[in-house]
1. Between Tyr184, Tyr180, which is closer than 18 Å to Leu106 by Cβ and either among the β-branched types (Val, Ile, Thr) or touching a residue at least 40 places away in the same chain (Cβ under 8 Å) (or both)?
2. So which helices (runs of 4 or more DSSP H) stay within the range 47-162 end to end and still have 3 or more residues that are more than 20 Å from Cys321 (Cα to Cα), modelled with pLDDT of 85 or more and basic (Lys, Arg)?
3. Please give the helices (runs of 4 or more DSSP H) falling wholly within the range 243-358 in which 1 or more residues are at pLDDT 65 or above, within 16 Å of the chain's Cα centre (by Cα) and surrounded by 15 or more Cβ atoms within 10 Å (Cβ to Cβ).
4. Consider only pairs whose beta carbons are under 7 Å apart and that are at least six residues apart or on different chains; among these, list those whose first residue lies in the range 302-331 and is in contact (Cβ under 8 Å) with a residue 40 or more places away in the chain and of a type in the set (Asp, Glu) and whose second residue is part of a helix (DSSP H, G or I) and surrounded by 14 or more Cβ atoms within 10 Å (Cβ to Cβ).
5. Check whether at least one residue in the range 139-160 is more than 30 Å from Ala242 (Cα to Cα) and either surrounded by 15 or more Cβ atoms within 10 Å (Cβ to Cβ) or aliphatic (A, V, I, L, M) (or both), and report yes or no.
6. So, of the residues in the range 98-138 that are touching a residue at least 40 places away in the same chain (Cβ under 8 Å), more than 13 Å from Val58 (Cβ to Cβ) and aromatic (Phe, Trp, Tyr), which turns out to be surrounded by the fewest Cβ atoms within 10 Å (Cβ to Cβ)?
7. Specify the residue that is nearest to Ala104 (Cα to Cα); the eligible residues are those in the range 187-211 that are under 25 Å from the mean Cα position of the chain (by Cα) and at pLDDT below 85.
Amino acid sequence: MDTTTHRIMKSYISPPSWYREAYYIFNFTICIMQFFGFAINLIHISILTRPQMRSNAVYRLMIGICCCDLLTQINTFLIFSPFWIRDSSKPEEECYMTHTFFDAILYLHGTTVLDITQRGASWMALFMAFFRMLSVKFPLNAKIQKLSKPVFALWTILGVIIFTSLTTWMVQARRIIREYDWDYDCDKNEIHLNQTRYGVLIPEEYIDVQARLVSIYGFIKALPSLIDPILTVFLVLELRKAAKRRKNCGKSLTADKTDNTTKLVAFVTISFFLLEVPNGFSHIVNGLFQNNVPVRTISVMIPVFAEFLPIINSSSHFFVCLLMSTQYRETARTVFKCFEPRNDNVVLVEECKSTRTH
């Protein structure tokens, strides 16, 4: 057996005995949650894509966030539901570190897309709050107000996707799929496999570089969640200042609509606060504690069980918009009316004829 290959395929984590059963139950639960979350987001995007909603830069950015959420839920479902879309593992395969080729492909490229979409939604929410804060703080500045134009929202979405794709590629580019004809059983004994299986790994010559890049990537992941609460505080402060200015000028109707939109942005932004912290923490720890098995084990287990956070977060946007936005509620009514059965009223018309008498 190739000793180099033997050194490469080793476990960097040592989960406790209860982890496997808990992980199975968690997968089953999260798959059920995703059905509901995906359905809610389909309704959400059908409302956001109406012409009256697309004319607003805030809602255009929310379209981008919703698209990322839908892709995130699809990828999470594919990665975390092996007993629904793939053959159930055989008892002897439960402890294998290797995968079938389909699972290896799904794990490598599925997690790549998952990282891009999750990061993309967080950064879009961050920019949405940032642009809104500038718009409220400088209402008469023509250059700042351009940030509120719908076309600028499209460029922001494109820029975010490019940025998240490049940063994700930074840590995923060196991962490869390698064939194995051996593995370990549940007693950690090396065994020969009857058929070729596959592992996703980092070549040994790139391990040190990868560790540093993963730490940097972890900080990039956590950065939006660290900025979100600070930006939300500034947004609320600017909202109060703007409300005072309008009150002195005697304006009320327009102010209410502006305040509701700003509050909506604040709620959506703060909902992303805890979303990326577990994942970012995991990457930072994995990079800094490469050979510390207990610490790495904890850092891997936390983000795995935190995968329900994106589902709850993305599903909440529909309800937050219903509560905070009058325009959203009015548009939702028009969407739901399309599914109501038509009640054609039948009007009886009696024809009256006049008769002439001589």
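1. Just one listed residue meets the conditions, Tyr180.
2. It comes to none.
3. Output list reads 253-271, 277-288, 293-305, 308-324.
4. From residues that are in contact (Cβ under 8 Å) with a residue 40 or more places away in the chain and of a type in the set (Asp, Glu), the pairs are Glu307/Ile30; Glu307/Thr76; Glu307/Phe80.
5. yes
6. Checking each candidate, the answer is Phe101.
7. So the residue we want is Gln210.
Residues checked against (1) modelled with pLDDT of 75 or more; (2) in a helix (DSSP H, G or I); (3) more than 23 Å from Asp183 (Cβ to Cβ):
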{"position": "Thr4", "(1), (2), (3)": "no, yes, no"}
{"position": "Ile13", "(1), (2), (3)": "no, no, no"}
{"position": "Ser17", "(1), (2), (3)": "no, no, no"}
{"position": "Ile32", "(1), (2), (3)": "yes, yes, yes"}
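The values are calculated or read from the model by the stated rules, or taken from the named source; none is laboratory data. What you are looking at is a predicted structure, and each value in this text was computed from that prediction instead of being measured. No Cβ is skipped: glycine too gets one built from the backbone with ideal geometry, and neighbour counts run over all protein chains shown.
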